[in-house]
Amino acid sequence: MTYDVKLTEGIAVISSKNQIITNAQSALDLLASINYNYNTYKIAVDKSAVHEDFFKLSTGLAGEIVQKFVNYNCRLAIIGDFSSYTSKPLQDYIYECNKGRHLFFVANEQEAIARLKGA
């Protein structure tokens, strides 16, 4: 797993040319690595680093990954444009997550930092 980390206000902002969250285990590995190396449980990542199956709720991948983050009291912000996803269940999921405390879908890095700081 290759990625760059920029620590901003206690939040690990991750950039990668590759998908780094592809299944529940890779998500768990990421949060453990970030916590160990940067002493934070707040992570922001671009949506291109998340496997596309995450955004197909029928695969169950989103639920598995979010469960890992909840279990370890970790916060995740996924940065990107989600308007191309027309699935009503996914739009509802994004809406509900953004009202919660563990997973946020945001438009840019500044919004990710603001949401994670408040979480």
- Item | GNM flexibility winner over the chain from Ser16, Ser84, Ser26 (Cα, springs under 10 Å) | Ser84
- Query: Say the cut-off is 26 Å between C-alpha atoms; which of Lys56/Lys117; Lys42/Lys99; Lys17/Lys88; Lys88/Lys117; Lys6/Lys47 go over it?
  - Reply: Lys56/Lys117; Lys17/Lys88; Lys88/Lys117
- Contact order relative to length for the stretch 79-119, counting C-alpha pairs under 8 Å separated by 6 or more residues, stands in percent at 44
- Message: Taking 8 Å as the Cα distance limit and 6 or more residues as the minimum spacing, I'd like the relative contact order of the chain as a percentage.
- Response: 24
- Query: Once Rh is set to the Kirkwood radius over Cα pairs, what Stokes-Einstein translational diffusion coefficient, in µm²/s, holds for the chain at a temperature of 10 °C and a viscosity of 1.306 mPa s?
  - Reply: 113
- Can you work out the FRET efficiency for the pair Ala114 and Thr59, with r the C-beta to C-beta distance and R0 = 41 Å, to the nearest 0.05? 0.85
- Item | R0 of 25 Å, Cβ-Cβ distance Ser84-Leu7: FRET efficiency to nearest 0.05 | 0.25
- the chain, helix-only ellipticity at 222 nm - DSSP H runs n ≥ 4, -39,500 (n - 2.57), divided by all residues, nearest 500: -12500 deg cm²/dmol
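Every read-out reported here was derived from the displayed coordinates using simple, explicitly stated rules and does not represent laboratory data. Just so it is clear, the structure is predicted and the values come from calculations on it, not from any experiment. Methodologically, a virtual Cβ is constructed for each residue, glycine included, from the backbone with ideal geometry; neighbour enumeration extends over all protein chains shown.
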